[in-house]
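Please read the structure below before turning to the comments.
A short reminder: the numbers here are calculations on the coordinates, not readings from a lab. Note that this is a predicted model, so its numbers are computed, not measured. All Cβ positions, glycine included, derive from the backbone under ideal geometry; neighbour counts span all protein chains shown.
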């Protein structure tokens, strides 16, 4: 199936004085993607996003959204995008409903009260719509920010670190909301995040940016499946497990005295073989888990790029 490209960034360069922030960044976002936008601090993620939204002007390169150039069709393009680049800001002594009504009046076209209620209901804040925003938790304000972006029914939503500072339940709420934006609303989402596990759980495609360059881009599942699994296993005889891995699988197992587990890299299809071999040798398995695949892949790619 041919995928429709909604964002195309080609050979993007941006200098701040003598500092070269972007060094030829390239990536594409397809319609319907939840696109993970990853990179360490200072990698160029925020600079790329600001260029993409017309907030800063690049020194060179091309940015096309909806097959239009951001330099010549900025107003039309931004009318089809919703974004939260920094934490959403509201009038704290007004209610959520009143805040959205104010934003609705600023829109280029009339937005009825029914639409305001609809987006508040979608983000789970309808029952709290009359409450002042000052009493909202950080997670509720993030959800209200997403409600604000939905007022104009954008095709593309750009979220910069939407789970930063949230508690575990807040992270789950935002994760579920992003998934629903794609499944129920048909939105395309670009998600910048340091929460690598969250990206792994919901993104279907991603790019990793490091030192101003896009070092890898592709399907999340394909990129991760090309790597060995990082497995952590706890048994009643970890010493014997280490010997088994070395003698029968030529794998080096590392024992962690703190967690009392053995950690090792292994091909996905070998995991059942290791479990069967443990059973044959009367090694009781108490715990088996794969260790944050995207985090390990991310570290590997950024470290290799730094060499």
Considering the Cα positions of segment 227-306, please state its Rg to one decimal place and its Dmax as a whole number of Å. 13.2, 44
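Can you give the extra length, in nm with one decimal, that the chain gains between residue 67 and residue 271 once fully stretched, where that is 0.36 nm per residue apart less the Cα-Cα distance?
Here the answer is 68.9 nm.
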Set the Förster radius R0 to 45 Å, insert the Cβ-Cβ distance between residue 59 and residue 256 as r into 1/(1 + (r/R0)^6), and round the FRET efficiency to 0.05. 0.40
Given a Förster distance of 25 Å, the FRET efficiency implied by the Cβ-Cβ spacing of residue 5 and residue 50, rounded to the nearest 0.05, works out to 0.75
The chain: radius of gyration and largest Cα-Cα distance (Dmax), Å: 23.0, 71
Helix 138-150 axis, angle to the chain major axis (alpha carbon atoms, nearest 10°): 60
Using alpha carbons only, how many degrees (0 to 90, rounded to 10) separate the axis of helix 168-183 from the longest principal axis of the chain? 70
By per-residue mean of other Cβ atoms within 10 Å, what is the highest-first order of 246-258, 142-154? 142-154, 246-258
I'd like the FRET efficiency for residue 232 and residue 89, computed as 1/(1 + (r/R0)^6) with the beta carbon distance as r and R0 of 51 Å, rounded to 0.05. 0.75
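With an 8 Å Cα cut-off and a minimum separation of 6 or more residues, compute the relative contact order for the chain in percent.
Value for the chain: 20 percent.
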Segments 67-76, 88-97 sorted - mean Cβ within 10 Å per residue, highest first: 88-97, 67-76
Compute the angle between helix 238-249 and the longest alpha-carbon principal axis of the chain, please, reported from 0 to 90 degrees and rounded to the nearest 10. 90
